[in-house]
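Everything below concerns the one structure shown next.
The values are calculated or read from the model by the stated rules, or taken from the named source; none is laboratory data. In this text the structure is predicted, and so the values were computed from the model without any measurement. Cβ atoms come from the backbone with ideal geometry, glycine included; neighbour counts cover every protein chain shown. Remember, those area values only see protein heavy atoms, side chains included, never the ligands or the DNA or RNA. Shrake-Rupley method; radii C 1.70, N 1.55, O 1.52, S 1.80 Å.
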Amino acid sequence: MNYVLEHYYGVSEVAGSQSNDKILKIIQWAMPWIKDDSKAAWCAIFLSWIINQVNLHNLEPAMPPIKLARHFNQVGIEVEKPIMGDIVIFWRGKKNGWKGHVGIFIRQEGNVIYTLGGNQNNQINIRGYSANRLLEYRRIIEPINPF
């Protein structure tokens with residue numbers, strides 16, 4: 001499935017009053033009142049959007065948008081050893097806090113976990129995160145094939 005890379009890879013926020021229409025459309029799917037793509041944390045919304053676009057969960061109606069990264073701990077099943085396409089949940093701020101980041105597992109090199117995700121430096125891209133920030137890996141019915 002080339003869906004994520006083909007349609008979204010490299011798409012960036014626009015700072016200030018302008019917004020990227022692709023990102024704003026996704027954000028407004030979950031939070032219609034948002035008018036500026038740089039004013040929302042949207043990693044979880046982006047992943048929810050992708051899951052629904054390719055219907056990985058095989059659910060009708062579609063899965064409602066997940067707005068907080070840590071809420072992905074209720075999606076699929078937890079796995080110990082990820083494969084490409086699994087969901088990765090990281091903590092942000094405080095390990096036992098509410099903030100987090102979520103993306104699609106690509107690979108791990110040493111202490112760095114690479115994910116494909118949204119709102120990674122205000123863009124949809126592949127980026128590395130410290131494995132020390134890992135909360136858990138999750139697997140949906142089948143892993144998300146980002147390529």
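Answer yes if at least one residue in segment 44-59 is hydroxyl-bearing (S, T, Y) and either under 15 Å from Y129 (Cα atoms) or under 11 Å from the mean Cα position of the chain (by Cα) (or both), and no otherwise.
Taking segment 44-59 as the starting set, the residues that turn out to be hydroxyl-bearing (S, T, Y) are 48.
Filter again for either under 15 Å from Y129 (Cα atoms) or under 11 Å from the mean Cα position of the chain (by Cα) (or both), leaving 48.
Yes, because at least one residue in segment 44-59 is hydroxyl-bearing (S, T, Y) and either under 15 Å from Y129 (Cα atoms) or under 11 Å from the mean Cα position of the chain (by Cα) (or both).
Which of the residues that make up segment 102-118 are of a type outside the set (D, E) and open to solvent by 10 Å² or more (accessible area, probe 1.4 Å)? Even if it seems obvious, please write down each step before you answer.
Start the filter on segment 102-118 by keeping residues that are of a type outside the set (D, E), which leaves 102-108, 110-118.
Within segment 102-118, F105, I106, R107, Q108, G110, N111, V112, Y114 meet the criteria.
Here the condition is being open to solvent by 20 Å² or more (accessible area, probe 1.4 Å), on the phi > 0 side of the Ramachandran plot and polar (S, T, N, Q); of N73, N121, it holds for N121 alone. The residues of segment 3-27 that are under 16 Å from the mean Cα position of the chain (by Cα) and in contact (Cβ under 8 Å) with a residue 24 or more places away in the chain, listed by number, are Y3, V4, L5, Y8, Y9, G10, V11, S12, E13, I23, I26.
When the residues of segment 5-47 are filtered to those that are in contact with a strand residue (DSSP E or B) (Cβ under 9 Å, 6 or more places away or on another chain) and among the aromatic types (F, W, Y), the one that is nearest to W91 (Cα to Cα) is F46.
Only one entry in S12, S17, S48, S38 is farther than 17 Å from E136 by Cβ, among the small types (G, A, S) and surrounded by fewer than 14 Cβ atoms within 10 Å (Cβ to Cβ), namely S17. Beta carbons closer than 6 Å, at least 6 apart along the sequence or on distinct chains, pair a first residue in segment 28-40 that is of a type in the set (G, A, S) with a second that is open to solvent by 80 Å² or more (accessible area, probe 1.4 Å) for A30/K67; S38/A15.
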